[in-house]
Structure formats: C-alpha cells, structure tokens
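**Student:** Sharing a structure, written as structure tokens. Questions coming.
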Amino acid sequence: MNAQSSLLLLMFFVTTFCAAQNEVAYDSTLARSLGADEYGMKSYTFIILKTGPDTVSDPEQRQALFSGHLKNIAHLAEKGDLVLAGPLQSNPKNYRGLFIFDLTDKKEVEELLQTDPAIAAGLLDYEIYQWYGSAALRSYLDTHEKIQKTKF
C-alpha cells in the first residue's frame, strides 16, 4: 500500500470515528418515563437545610428527632418524592444539607418538609428554590440501593 492509499484509509477511519462520536443514543421511551424535555432536563425543587431557630437540650430527644429525620428521608425517597438528600460539611452559613424533590409545587413540598421531625421541631429550617437539572437524576436511586449496605 502506498502513502496516498494509507492516507485515504486513515482519513476514512477518522471520519467514520468522528461521525460515530456525534450520534445521539436518544431513547424516547426512557426520556418520556423520566419526564425529560428535549434537552434531557426537567424542573425540581431544591431545598437547602440550615440550622433552625430552636434547640433541644435533652440528648435522647434530639437523637430521636434526627433518627426520625433520617427515616423520613428514606420514606420520601421510597414514595418517589425525594430524589436526592445529603448533609453538608460545616460552613459559615450554617447550611446543614440539601434535598432535591421531584416535585415543583412549592406548597406540596412545604407540606412534605413538615413531615420531617427535625424541621417540625425547629432544629432545621430550609430555603426553597426551583432547580432545572438532568431528568436522569432519579435513575441513580436504583444504583444506590445496590451499593447501600445499611438502611436508616
């Protein structure tokens, strides 16, 4: 094979490879099931949990409230309302954690937040924001269940 033939063959492979890289593996059924728009995105409600106005001096009561907080998180996730939750490291704004709800109705989210014993007792407070993110966010929960060794 001469140099010109080799160059043409190389250009063919590069062109084919680049074309394959630009193909979209769009799955309309999956997109619809996740509520995705044309960008693969959707609206959520994003909650920043912060230190609340109240305190509980009794350590057993405090422990019970935060145990209830964790159980409530698990319950809301099992129902499908809550798609992400987790604590934040210590910070100057006293932000404690975050929630992302697969809901957009602020009133409905506020009602669900009040089912959290730590929020209801005033140990935690919250800020509510609308957030636009990947509709695939919910799908990480299936993987999480496979790697979670201990449940709350």
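**Student:** Once you place label points 7 Å from the Cα toward the Cβ at LEU98 and SER139, how far apart are they in nm?
**Tutor:** Taking the two extended label points, one gets 2.1 nm.
**Student:** Taking a label point 7 Å from the Cα of ASP37 along the Cα→Cβ vector, which residues of the stretch 77-119 have an amide N closer than 16 Å to it?
**Tutor:** Inside the label zone: 103-105.
**Student:** Taking H placed 1.01 Å from N in the peptide plane, check which residues at least 5 places from THR51 or on another chain put their amide H under 5 Å from its amide H.
**Tutor:** ARG96, ASP125
**Student:** From the phi of every residue in the stretch 52-58, what ³J(HN,Hα) in whole Hz does the Karplus formula 6.51 cos²θ - 1.76 cosθ + 1.60 yield, where θ is phi - 60° and glycine or proline is x?
**Tutor:** x, x, 9, 10, 10, 7, 6
**Student:** HN-Hα J couplings of the stretch 107-120 from phi, Karplus 6.51/-1.76/1.60, θ = phi - 60°, integer Hz, Gly and Pro as x?
**Tutor:** 4, 4, 5, 4, 5, 5, 4, 6, 7, 7, x, 6, 6, 4
**Student:** Read phi for every residue in the stretch 30-43 and hand back ³J(HN,Hα) as whole Hz from Karplus 6.51 cos²θ - 1.76 cosθ + 1.60, θ = phi - 60°, with x for Gly and Pro.
**Tutor:** 5, 4, 5, 5, 8, x, 6, 8, 5, 9, x, 10, 7, 8
**Student:** Here's something else I'd like to know. Treating only the Cβ of Lys, Arg, Asp and Glu as charged (+1, +1, -1, -1), what charge dipole size does the stretch 31-147 show about its Cα centre? Round to the nearest 20 debye.
**Tutor:** Using Cβ point charges on Lys, Arg, Asp and Glu, the stretch 31-147 gives about 260 debye.
**Student:** Specify which residue in the list ILE48, GLY68, PRO92 is farthest towards the positive end of the charge dipole of the stretch 31-147, using unit charges on the beta carbon of Lys, Arg (+1) and Asp, Glu (-1), about the Cα centre.
**Tutor:** Value: PRO92.
**Student:** Let me ask something else about it. Please report, in whole Å, how far the alpha carbons of the stretch 31-147 spread along each principal axis, starting with the longest.
**Tutor:** For the stretch 31-147, the Cα extents along the three principal axes come out at 50, 29, 26 Å.
**Student:** In addition: From the cross-link list LYS93/LYS149; LYS42/LYS106; LYS107/LYS151, which pairs have alpha carbons spaced over 24 Å apart?
**Tutor:** Check vs 24 Å cut-off fails for LYS93/LYS149; LYS107/LYS151.
Read-outs: derived from the displayed coordinates by stated rules, not from any lab. If you're wondering where the values come from, they're calculated on a predicted model, not measured in any experiment. Reconstructed Cβ throughout: ideal geometry from the backbone, glycine too, with neighbour counts over all protein chains shown.
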